[in-house]
1. So for the pair Ala20, Asn45, with labels modelled 7 Å out along Cα→Cβ, what separation do we get in nm?
2. Short version: ³J(HN,Hα) in whole Hz for each residue of segment 48-54, in order, from phi by Karplus 6.51 cos²θ - 1.76 cosθ + 1.60 (θ = phi - 60°), x for Gly and Pro, what are they?
3. Report the extension gain between Asn35 and Arg58 in nm, rounded to one decimal, defined as 0.36 nm multiplied by the number of residues separating them, less their alpha carbon distance.
4. Taking every Cα atom in the chain, find the radius of gyration and the maximum pairwise distance Dmax, and write them in Å.
5. With unit charges on the beta carbon (Lys/Arg positive, Asp/Glu negative), name the residue among Val8, Ala20, Gln106 whose Cα is farthest towards the positive pole of the charge dipole of the chain.
6. Which percentage, to the nearest 5, of the DSSP beta bridges contained in the chain is antiparallel?
7. Long-range amide H contacts for Thr33: which residues qualify at under 5 Å (H placed 1.01 Å from N, peptide plane, sequence gap of 5 or more or a different chain)?
Amino acid sequence: MANQPIPVSTANAMISDYIAYMTKLGVDMNNQTQNVAFDGTILMNWLGTVMPYADELRVCMGQYPSGNAQAGRTTVILWPYKNGQPATMPSPPIGGSGGMTPADDQTIDPFNDGHSHP
């Protein structure tokens, strides 16, 4: 089932099983993140920029830290990886396009500015 589309019925069953599992653990799922939505255009622009430098996209689970408006809520972090390591992008040459030595490659920042539901 990995790396391919799945039927809607399978996706719905997996979501229902997750909610049932969490509820059995005592989690009030009406007050817990059940999905994270991203603006399609913004996400696709970011993916188009970073994925040429990556060979996989990891979806990591996370929790907003205290002090954040969504503190305690779970979220997902989209993190591009290359050869098992966080992906990097080449930095522009020092001094612009004059052919000088390039600066060190920069690790690509992970993506997360989704909206948690409910």
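1. Modelled inter-label distance: 4.2 nm.
2. With the stated coefficients, segment 48-54 comes to x, 7, 9, 5, x, 9, 10 Hz.
3. Numbers: separation 23, 0.36 × 23 = 8.28 nm, distance 1.63 nm.
Contour length minus the Cα-Cα distance gives 6.7 nm.
4. 18.6, 62
5. Positive-end residue among those listed: Ala20.
6. 100 percent
7. Correct list: Thr74.
Values quoted throughout were computed directly from the atomic coordinates according to the rules given, and no laboratory measurement underlies them. Keep in mind the model is a prediction, meaning the values are calculated, not measured. Every residue, glycine as well, gets a Cβ built from its backbone with ideal geometry; the counts of neighbours run over all protein chains shown.
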